[in-house]
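The values are calculated or read from the model by the stated rules, or taken from the named source; none is laboratory data. Predicted model only: the values in this text are computed from it and were never measured. Note that each Cβ is placed from the backbone with ideal geometry, even for glycine, and that neighbours are counted across all protein chains shown.
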Amino acid sequence: MKTVEPRTTFIPPPGRHRPAQRFALLNLGFRPFYLAGAGFAALALTVWLMVLAGVPAKGGYLLALDPIGWHAHEMVFGFAAAIVAGFLLTAVRAWTGMATTSPRTLAVLALLWLCARVLVWSGPAVPAAIVDSAFLPAVAIVVLRVLSKAGNRRNYFLVPVLLTFGALDAAFHALIQSGRPDLALRCLYAAAGVVVLLVSVIGARVIPMFTSNAIPGFVTRRWQPVEASAAPLTLVALFADAAALPAAVVAPLAFAACAVHAARLIGWRSYKVRGPAILLILHGAYAWLPVGFALLGLSALGLVTHSVAMHAFTTGVIGGAIIAMITRTARGHTGRPLVADTRDIASYALVTLGSVLRIIGPLVAPGHYQTWIWGAGACWIAAFAIYAGAYALPLMRPREDGMPG
């Protein structure tokens, strides 16, 4: 089944007026989760910078027990998981033509995510682990129910992906509470790999289509060997790294994945794309994939730090893809034009600059490591605060064109 961009223009018949203002935050999955995820990203990174500045960590569980673990966990299982849930709950409706959740079910899922964020901060540890680990399986059940009813077999793979994502979260909590933060961190690396896999798969579906739609006459190419190997290589290389396999295994896999994703960008002729900004950011985010795998291979060989390689995936790939999709889909599904405004462009620029500072900065001037972290964190806080401020009202109000969604 083809992935279809949301309809964005609507001419009401004579005499039809825009519907009266009402609360629409629970109409569709992207609404609560995009807004909450963006706001949480800005908040969590502010807390992280405060911790780095020496402000004592408060809380009854993860933040006090392992501040680095809290930062990594909440950016992957808090922020990224919220956006993944919002995107999939919205996309599955577009793919199947069926409603994914009722407002009540969506409210329960959003409340479950929010309670997890509070409990991971405050504790107690066991209830925090149970509530947090329940969120992604709950989303998987909702997605499976709709895909099954629609007979949409092409997207069944999303269910085991979400369940694996959730299982890694549960394993993280179990290992943290067993006194093994080193192994818990490995679970986070694997979980980041799951999100990168989703970016790779969804990006391959939509980026060429969006490009052709936005630029008349623009031709992209796909090569079957590249398409067949991209997802398996992505997952195997990142899981091999997460499992701490020898460099002789990780490095070749990483460099092979780098070559495959670079070939995709060549086939899509990403180097020819100059705009619009809402399209350019998608190509820019995907371009971090070959960079990330190149750095991962070099990291396995001991030539760069592992942290720099992982941040190429988390800030570059995941962060760039998230800001690209939460602006595009929010615009499309609220009936607004698919044209980035000044605030969108500022968010794109800040996320991209934050990625460059966090990844490239330590490579060229490692002696200023803290400066790069502070600069990158400030950029991200500003980017997602801008998004939350710009989209809060559109996400809470009905579509501008009067259509459901």
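Key figures
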{"read-out": "Within the stretch 264-278, tally of residues that are under 15 Å from Val219 (Cα atoms), part of a helix (DSSP H, G or I), touching a residue at least 24 places away in the same chain (Cβ under 8 Å) and among the hydrophobic types (A, V, I, L, M, F, W, C)", "value": "1"}
{"read-out": "Output for the stretch 248-258, where each listed residue is touching a Leu at 6+ places or on another chain (Cβ under 6 Å) and in contact (Cβ under 8 Å) with a residue 40 or more places away in the chain", "value": "Ala251, Ala254"}
{"read-out": "Matching entry among Leu183, Leu162, Leu168 (being more than 21 Å from the chain's Cα centre (by Cα) and among the hydrophobic types (A, V, I, L, M, F, W, C))", "value": "Leu183"}
{"read-out": "Residues (outside any helix (DSSP H, G or I), under 12 Å from Leu363 (Cα atoms) and among the polar types (S, T, N, Q)) located in the stretch 295-337", "value": "Thr305"}
{"read-out": "Complete set of residues in the stretch 234-255 that are among the small types (Gly, Ala, Ser) and assigned to a helix (DSSP H, G or I)", "value": "Ala237, Ala240, Ala242, Ala247, Ala248, Ala251, Ala254"}
{"read-out": "Ala243 vs. criteria surrounded by 14 or more Cβ atoms within 10 Å (Cβ to Cβ), of a type in the set (Gly, Ala, Ser) and either modelled with pLDDT of 95 or more or more than 29 Å from Ala125 (Cα to Cα) (or both)", "value": "no"}
{"read-out": "The stretch 186-235, residues that are over 17 Å from the mean Cα position of the chain (by Cα) and free of Cβ contacts under 8 Å to residues at least 40 places away in the same chain", "value": "Ser212, Pro216, Gly217, Gln224, Pro225, Glu227, Ala228, Ser229, Ala230, Pro232, Leu233"}
{"read-out": "Residues of the stretch 21-79 that turn out to be surrounded by fewer than 23 Cβ atoms within 10 Å (Cβ to Cβ) and basic (Lys, Arg), as a count", "value": "2"}
{"read-out": "Any hit, the stretch 386-402, residues being acidic (Asp, Glu) and either buried (at least 22 other Cβ atoms within 10 Å of the Cβ) or under 21 Å from Ala72 (Cβ atoms) (or both)", "value": "no"}
